[in-house]
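Notes for the one structure printed next.
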Amino acid sequence: PARSGETRQHEKYLDIIIANACGLEGLKLISVPIVFVSHLRSIMLIYLISLPYTYMSTWGWFTIPIVAVIAFFYYGVEGAAEEVEEPFEKGRANDLPLDKYCENILRNTRQLVKRHNMRND
């Protein structure tokens, strides 16, 4: 049987959805090596420890609060990066509600199929 243009268009959309799902699955399986993370943390710690010695002659007693603010900034960015590293892991503070996303996609797909079937009846 010949397929209609609408069916071919839906198959194209389905191919795109499958390709995107495969890409997301690949992202889920990739993790940052622990050696890389520990190396970055060590470099950041050495940098923050060296800041007061570097700028004490320039900033004087203001070095302490300035370095504290800089450390707060760097560790904040590091914490945010750690949260973003695994966005689909359940139980984390900022996990993405993947189950709700999937339920929404399923509901929308069912509605599209229902509309398509109603047109063809």
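The values are calculated or read from the model by the stated rules, or taken from the named source; none is laboratory data. Every value quoted in this text rests on a predicted model; they were computed, and no experiment measured them. So basically every Cβ, Gly included, is an ideal-geometry build from the backbone, and we count neighbours across all protein chains shown. Keep in mind that these areas ignore ligands, DNA and RNA; they rest on the heavy atoms of the full protein, side chains included. Shrake-Rupley method; radii C 1.70, N 1.55, O 1.52, S 1.80 Å.
Things to note:
- In nm, spacing of pseudo-spin labels at Glu89 and Asn104 (7 Å Cα→C-beta vector): 2.4
- With a Förster radius of 41 Å applied to the C-beta separation of Ala80 and Asn120, the computed FRET efficiency comes to 0.25.
- Lys12 accessible area, assembled protein chains, probe 1.4 Å, Å²: 120
- Think of each Lys and Arg Cβ as +1 and each Asp and Glu Cβ as -1; about the Cα centre, that makes the dipole of the chain roughly 580 debye.
- Top positive-direction residue, dipole computed over the chain with Cβ charges, set Leu48, Trp59, Asn108: Asn108
- Pair Leu96, His10: separation of 7 Å Cα→Cβ label points (nm): 2.7
- Cα-Cα pairs of the chain separated by more than 26 Å (percent): 54
- Length-normalised contact order for the chain - Cα pairs under 8 Å, 6+ apart - percent: 15
- The residues His116, His39, His10, sorted by heavy-atom accessible surface at 1.4 Å with ligands and nucleic acids left out, run His39, His10, His116 from largest to smallest.
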